[in-house]
């Protein structure tokens with residue numbers, strides 16, 4: 001289907017004569033009362049209409065395929081003087097408003113003009129449509145539009161929580177569903193036919209496109225959707241096509257007025273973002289995408305079911321904390337309403353459960369535990385969770401962030417930058433650093449916030465959904481950057497929490513001598529750690545450690561990094577020791593970039609965790 005057909009242009013072209021005649025008749029009858037701006041003609045004796053120009057059309061959606069519309073027309077008039085002593089005539093321009101109506105079922109052959117008036121102001125239409133005959137629906141109206149579709153076609157779903165059966169919805173709307181392959185590469189997952197036609201489908205047996213006759217009101221779904229997606233996605237596809245039928249037939253009929261061979265809307269798997277100008281097809285897709293889950297999960301009955309599952313899982317799992325039960329609740333809702341997990345998660349957020357935002361997140365292919373923050377902390381394109389690669393880049397290239405984390409007061413744990421304090425960080429039974437329960441429930445207090453923007457693989461209208469669904473299946477590429485100044489752990493609070501630790505570290509840092517070996521000896525005394533203990537932690541032999549500390553052996557950049565990490569030294573102190581050593585980190589060396597990252601952000605972690613992290617990111621082993 002073509003992008004932008006103009007109803008204004010169509011009306012101006014096809015009904016020029018009717019509009020002209022209506023204005024000509026009106027001006028001939030009413031020229032005495034017309035408020036014309038004339039300079040030479042004093043009293044109008046006669047008036048001629050020479051040309052008209054349609055300026056805009058304001059359209060109101062009516063039931064079935066009927067529409068009514070106000071046509072604003074600029075008319076060029078020639079007025080003659082009534083007093084024959086003055087042979088004056090003068091041209092002027094005047095705007096008129098014509099109230100019209102018609103039925104698209106009969107190609108507007110019943111077009112009528114019910115009134116002509118002088119234009120005063122644009123009328124607000126009760127159910128406005130765009131110039132492409134797409135309903136104008138803003139985000140706040142989506143719930144009421146979805147409710148209206150259900151009220152007309154599936155009212156029982158508004159009374160009791162139930163799964164809306166897509167086949168039944170389609171049937172009630174007089175539509176038929178057929179499963180068949182549409183394209184070879186699954187680039188089209190569903191399409192709806194508005195008119196009988198002959199068309200082509202992909203045939204797997206012959207591996208080519210084959211001709212087939214299709215009746216109007218038929219929805220096709222590619223069966224590959226069952227294998228490549230899931231049942232929730234297939235159901236969503238069918239409801240999506242039903243929305244097209246209910247909301248977009250008029251836009252489609254406008255396409256047919258221009259191009260009588262148009263027969264269908266095909267819904268493609270989303271491609272890259274072209275630019276920000278949305279055409280009619282984009283708007284129709286946005287509306288179908290936004291309305292389908294709202295039809296499948298009507299808000300009032302969805303909330304009823306959500307509260308039921310919350311109660312059930314609180315009892316079953318013996319916890320009152322919402323973030324601890326949010327994932328099983330979302331999965332239970334997805335199963336109950338036969339929708340995808342992603343749809344159920346987004347609907348929970350629509351229903352006001354912000355705890356759902358931090359669920360089912362996968363970063364660097366790893367699951368991130370559920371977490372939440374105070375309501376309204378995060379905007380839809382913000383996150384507490386950031387991949388290691390992005391974290392490394394941001395900590396080096398973003399001055400605001402590097403200043404904040406240079407002193408080691410933030411640790412990179414479970415894909416978050418977390419304030420390094422026992423209130424927020426602890427160790428599990430395996431000695432792995434994890435977030436405390438308090439931290440997971442109060443992320444705004446202890447974590448840095450990042451802005452997300454989509455680099456590729458996703459059209460603009462899906463952004464908020466993508467941001468919320470950084471899941472295993474997501475092939476979306478994000479740009480991520482530290483959100484300067486958007487930090488809830490205030491400097492005063494941070495200073496108070498970290499005062500003792502930082503004061504001690506600062507004291508040691510200020511007392512460090514310029515000698516490499518003397519600095520090493522001092523930090524060993526400060527940490528009260530033996531060479532044997534460092535051997536256990538790092539696998540460097542205690543003899544090698546002893547020789548380096550006593551100046552008998554220079555060691556290597558790797559052995560010095562290992563000693564700093566084994567002692568869990570804060571970044572500023574590690575940096576001082578490396579700077580005074582015979583070696584340095586080279587930032588043209590990829591491995592050295594990662595060594596710098598672990599020295600800055602992971603220095604409280606065990607060597608096992610650090611080695612696993614380095615291996616995962618392709619750095620040479622320490």
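The values are calculated or read from the model by the stated rules, or taken from the named source; none is laboratory data. Predicted model only: the values in this text are computed from it and were never measured. Methodologically, a virtual Cβ is constructed for each residue, glycine included, from the backbone with ideal geometry; neighbour enumeration extends over all protein chains shown.
Here are a few things to note about the model shown:
- Scanning region 365-381 for residues that are surrounded by fewer than 16 Cβ atoms within 10 Å (Cβ to Cβ) and over 21 Å from residue 324 (Cα atoms) yields 365, 379, 380.
- Top-ranked residue of region 183-195 - restricted to ones that are touching a strand residue (DSSP E or B) at 6+ places or on another chain (Cβ under 7 Å) and touching a residue at least 60 places away in the same chain (Cβ under 8 Å), ranked as farthest from residue 149 (Cα to Cα): 187
- Residues within region 546-565 that are free of Cβ contacts under 8 Å to residues at least 60 places away in the same chain and either part of a helix (DSSP H, G or I) or at positive phi (or both), tallied: 12
For every residue, the table says whether it meets (1) at pLDDT below 95; (2) crowded, with 19+ Cβ neighbours inside 10 Å.
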| site | (1), (2) |
| --- | --- |
| 12 | no, no |
| 16 | no, no |
| 43 | yes, no |
| 47 | yes, yes |
| 52 | no, yes |
| 62 | no, no |
| 71 | no, yes |
| 75 | no, yes |
| 85 | yes, no |
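- Residue satisfying condition, being modelled with pLDDT of 90 or more and at positive phi, within set 592, 568, 576: 568
- Residue tally, condition buried (at least 20 other Cβ atoms within 10 Å of the Cβ) and either in a helix (DSSP H, G or I) or modelled with pLDDT under 90 (or both), over region 328-350: 13
- Test: residue in region 17-28 that is more than 26 Å from residue 247 (Cα to Cα) and in contact with a helix residue (DSSP H, G or I) (Cβ under 6 Å, 6 or more places away or on another chain): no
- Scanning region 530-545 for residues that are closer than 22 Å to residue 582 by Cβ and not in a helix (DSSP H, G or I) returns 540, 541.
- Residue 38 being in contact (Cβ under 8 Å) with a residue 24 or more places away in the chain and assigned to a helix (DSSP H, G or I): no
- Matching entry among 110, 131 (being under 21 Å from residue 14 (Cα atoms), free of Cβ contacts under 8 Å to residues at least 12 places away in the same chain and not in a strand (DSSP E or B)): 110
- Selected residue (criterion: nearest to residue 79 (Cα to Cα)) from residues of region 17-35 that are in contact (Cβ under 8 Å) with a residue 24 or more places away in the chain and not in a helix (DSSP H, G or I): 31
- The condition of being closer than 29 Å to residue 288 by Cα, outside the structural domain of residue 52 (by TED's automatic domain parsing) and out of contact with any helix residue (DSSP H, G or I) (no Cβ under 7 Å at 6 or more places or on another chain) holds for only one of 105, 148, that being 148.
- Test: residue in region 361-372 that is in a loop (DSSP other than H, G, I, E, B), modelled with pLDDT under 85, under 30 Å from residue 600 (Cβ atoms) and assigned by TED's automatic domain parsing to the domain that holds residue 424: yes
Per-residue answers, yes or no, for (1) surrounded by 13 or more Cβ atoms within 10 Å (Cβ to Cβ); (2) at pLDDT 90 or above; (3) under 31 Å from the mean Cα position of the chain (by Cα):
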| site | (1), (2), (3) |
| --- | --- |
| 149 | yes, yes, yes |
| 153 | yes, yes, yes |
| 159 | no, yes, yes |
| 166 | yes, yes, yes |
| 188 | yes, no, yes |
| 217 | yes, yes, no |
| 222 | yes, no, yes |
| 229 | yes, no, yes |
| 244 | yes, yes, yes |
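Results for (1) outside the structural domain of residue 144 (by TED's automatic domain parsing); (2) touching a strand residue (DSSP E or B) at 6+ places or on another chain (Cβ under 7 Å); (3) modelled with pLDDT of 85 or more, shown as yes or no for each residue.
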{"residue": "352", "(1), (2), (3)": "yes, no, yes"}
{"residue": "390", "(1), (2), (3)": "yes, yes, no"}
{"residue": "396", "(1), (2), (3)": "yes, no, no"}
{"residue": "402", "(1), (2), (3)": "yes, no, no"}
{"residue": "418", "(1), (2), (3)": "yes, yes, yes"}
{"residue": "437", "(1), (2), (3)": "yes, no, yes"}
{"residue": "443", "(1), (2), (3)": "yes, no, yes"}
{"residue": "447", "(1), (2), (3)": "yes, yes, yes"}
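- Count of region 501-552 residues, restricted to those that are crowded, with 17+ Cβ neighbours inside 10 Å, over 26 Å from residue 421 (Cβ atoms) and either assigned by TED's automatic domain parsing to the domain that holds residue 423 or under 53 Å from the mean Cα position of the chain (by Cα) (or both), is 7.
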